[in-house]
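Notes to accompany the following structure.
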Amino acid sequence: MGKESKGVLLVVEDDSGLQRQLKWFFDEYEVIFATDQGSAIKQVRRFDPDVVLLDLGLPPHPNDIDIGLTTLTEILGLSPATKVIVVTGNNDRDAAVQAIGLGAYDFYLKPFDEEILKLVVNRAFRVRELERENQRLLAIGQNAVFEGIIGASEPISMVNRLVEKVAPVDASVLILGESGTGKELVARAIHNLSGRRDGPFVAINCAAIPENLLESELFGYEKGAFTGAVRQTLGKIERAQGGTLFLDEIGDLPQPLQAKLLRFIQERKIERIGGHEEIDVDVRIVSATHRDLKTFIQEGGFREDLYYRLSEVVIHLPPLRERSGDIILLGKYFLQKYASEYKKKVGGFSREAIQSMEAYAWPGNVRELENKIKRAVIMADAGIIDVDDLELESNRVDLPFNLREVRANAEREAIVRALAYTDKNIAKAAELLGVSRPTLYDLMKKLHITTTD
Ligand SMILES: Nc1ncnc2c1ncn2[C@@H]1O[C@H](COP(=O)(O)OP(=O)(O)OP(=O)(O)O)[C@@H](O)[C@H]1O
Ligand SMILES: [Mg+2]
């Protein structure tokens, strides 16, 4: 593979002794050097490195990290996909955190421990490589990939595991979740991971089609079946032959069609409207709804027998606000996606932007996040996305006003964070929170927080 097989590592570091050491240490990569802001930018333009090790204390003012941070922003502006690892002194954690907010991939605190540094750098190359592979697959076409359901939170990892398990089995799957949580994405992933991946994936939105047209959309019709039926037309069910039929917003399927769909599922045969023959159809059925179907059944809006046919496996997609950590992960993903789509040099988020994204309730879930970031990328001039670009404040509707509730929520959140931060060490958590240990125990009891799960 020649040149391409060797990744390019740019080291921005003015200590020539250290330079030599690093060159020798990272001999599996093509290592290039820069000593200051100007030369770093030149090297990035020339070599488009995969990974950059950037010392934040650059000459001529090694104690002024602003030069380092500007260099970071400039590098990401030129080459948003580059993984920049910032290097700072051990007492400069704050600077490192700030750099992450600006879009750095990782940080490393001096002094160098060669083994650990190697792990950090290798991981960055690996991530870069995976992103390339992903882009390559995306470029080939939608159906080629297990479309990445992005997220590292516990609830979304569970969804991913479930998807991988049920995909190869021909069971019917019902996907439940608020609007914008990724229901269609999951349906496609199930199709793409199944033995039917080479067959068609046919989606129909039961809420978007008028009731009187829905039947012919689903079952098709023969020529002359009704006025305007000028030629034989296949329905969506038949078009999904050998593949997957995705019934979106199944909760909105009108009652008479619920009965007809049920009959199809039981017999696996359809009759086109105006037709006289029964046609065998082999499809896997995946459906989705944002409605609470169980309640809807009790209210008489949905047939229970159909529900059980559709829901051999149920996948619950959690709302975005319950996927801790995923907001930033998805945010960065959409930022890169739209920056490259619109050829915009936007490299990351300001710290305030990150905080406000984490605090926001995201009533429209991932779709809303995607739209907000897309808009922000279009509006941003260059550099980074700031709080104002996101326009988040106005509709924080579902936060409570009752002060006792607000306080309890805030307390719970702080305690859960402190416990996570200290690996559930009560003494350390109490210290972080500025209360005594017995007080923390009392609060945990009051707020029903345990350390056992
Ligand atoms: N985990 C995820 N990773 C990456 N992209 C995601 C993820 N979840 C959702 N998206 C993206 O967010 C958008 C909305 O997702 P999707 O259409 O699947 O949601 P939905 O639940 O079907 O929404 P609606 O109820 O509004 O129809 C899509 O562009 C999708 O690609
Ligand atoms: Mg949808």
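Ranked for footprinting exposure by Cβ neighbours inside 10 Å, fewest first, 24, 362 give 24, 362. When the helices of the chain are scored as -39500 (n - 2.57) per DSSP H run of n ≥ 4 and the total is divided over every residue, the value at 222 nm lands at -14500 deg cm²/dmol.
Separation of the stretch 36-90 from the stretch 301-334 is 40 Å, based on Cα centroids. Taking amide H positions as modeled 1.01 Å from N, with prolines and chain starts lacking one, the residues under 5 Å from residue 11 and 5 or more places away or on another chain are 32, 33, 34, 53. In units of the rule-of-thumb radius 2.2 N^0.38 Å, the stretch 232-389 shows an alpha carbon radius of gyration of 1.46.
Remark: relative contact order (the stretch 228-356) = 23 percent; criterion is Cα-Cα distance under 8 angstrom and separation of 6 or more residues. So, counting K/R as plus one and D/E as minus one, what does the shell of residues with Cβ under 14 Å around residue 344 add up to? Once positives and negatives cancel, what remains is +2.
What shape does the stretch 179-301 take by its C-alpha gyration tensor, where a ≥ b ≥ c are the square roots of the eigenvalues and a/c under 1.5 counts as rounded, a/b above b/c as prolate, and the rest as oblate? Oblate, because a/c is 1.5 or more while a/b does not exceed b/c. For the stretch 403-446, the relative contact order works out to 28 percent when only alpha carbon pairs closer than 8 Å and six or more residues apart are counted. Does the stretch 403-446 classify as rounded, prolate or oblate by the C-alpha gyration tensor (a ≥ b ≥ c root eigenvalues; a/c under 1.5 gives rounded; else a/b over b/c gives prolate, otherwise oblate)? Prolate, since a/c reaches 1.5 and a/b exceeds b/c.
When the inverse distances between all different Cα atoms of the chain are averaged and flipped, the Kirkwood radius reads 25.8 angstrom. Put in line by how crowded their Cβ is, counting other Cβ atoms within 10 Å and starting with the fewest, 386, 27 read 27, 386. Dipole size of the stretch 154-317 about its Cα centre, with +1 on Lys/Arg Cβ and -1 on Asp/Glu Cβ: approximately 300 debye, rounded to the nearest 20. Considering only 366, 172, 436, the residue lying farthest towards the positive end of the dipole of the chain is 172, judged by Cα position with unit charges set on Cβ. Averaged over residues, the count of other Cβ atoms within 10 Å places the peptides 204-217, 186-199 in the sequence 186-199, 204-217, highest first. The value of relative contact order for the chain, using C-alpha pairs under 8 Å at least six residues apart, is 13 percent. Beta bridges from DSSP with both residues in the chain: antiparallel share about 10 percent, rounded to the nearest 5. Using every pair of distinct Cα positions in the stretch 31-143, the Kirkwood expression returns a hydrodynamic radius of 14.7 angstrom. Amide H contacts of residue 284: 243, 244, 245, each under 5 Å away and 5 or more positions distant or on a separate chain (H built 1.01 Å from N in the peptide plane; Pro and chain starts excluded).
The numbers here are math on the coordinates, done by the rules we state, and not lab data. Since we're looking at a predicted model, the values are computed, not measured. Note that we place each Cβ from the backbone using ideal geometry, even for glycine, and neighbour counts take in every protein chain shown.
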